[in-house]
Amino acid sequence: MGVTKSDLFTETQNELANYAKVLAHPARIAIIQFLLKTNTCCNSTLVEDLGLAQATISQHLKELKNVGIIQGTVEGVSVNYCINPEKWHYIKKMLSDLFDGYDPTYCSNC
């Protein structure tokens, strides 16, 4: 696999690609859907609900947290995770701007 020349692209393009990369795993989508449904959870709840190993869940949570999609608070020996509302709306806007840029009238001859 070749090296991505990120300096050829805008900061926004690189940022959106990074979010898309993190979201491009079905386990992470399942985690996000679970968090949206429950509004908060701890890691052990995800293990029970998704049926993945603790270490696997922890790795996916780490990736989601690294880009700011989720945030966690320590309560005793467990960590409760939830969607980071500011980042969620920011990513939603970035994706909406991308998809809204499509005008099907220009592709009628394709």
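The values are calculated or read from the model by the stated rules, or taken from the named source; none is laboratory data. All figures in this text were calculated on a predicted structure; none of them were measured in a lab. We place every Cβ from the backbone using ideal geometry, glycine too, and count neighbours over all the protein chains shown.
Where residues in the stretch 57-98 are at pLDDT 95 or above and among the small types (Gly, Ala, Ser), which of them is surrounded by the fewest Cβ atoms within 10 Å (Cβ to Cβ)?
Of everything passing the filter in the stretch 57-98, SER96 is surrounded by the fewest Cβ atoms within 10 Å (Cβ to Cβ).
Select, from THR73, THR12, THR45, the only residue that is out of contact with any helix residue (DSSP H, G or I) (no Cβ under 6 Å at 6 or more places or on another chain), among the hydroxyl-bearing types (Ser, Thr, Tyr) and not in a helix (DSSP H, G or I).
It is THR73.
Just checking, does the stretch 30-44 include any residue being closer than 28 Å to SER6 by Cβ and loosely packed, with under 14 Cβ neighbours inside 10 Å?
no
Answer yes if at least one residue in the stretch 49-69 is touching a strand residue (DSSP E or B) at 6+ places or on another chain (Cβ under 8 Å), of a type outside the set (Lys, Arg) and not in a helix (DSSP H, G or I), and no otherwise.
yes
If you go through the stretch 12-20 one residue at a time, do you hit one that is in contact with a Ser or Thr (Cβ under 6 Å, 6 or more places away or on another chain) and more than 14 Å from ASN80 (Cα to Cα)?
Within the stretch 12-20, one or more residues are in contact with a Ser or Thr (Cβ under 6 Å, 6 or more places away or on another chain) and more than 14 Å from ASN80 (Cα to Cα).
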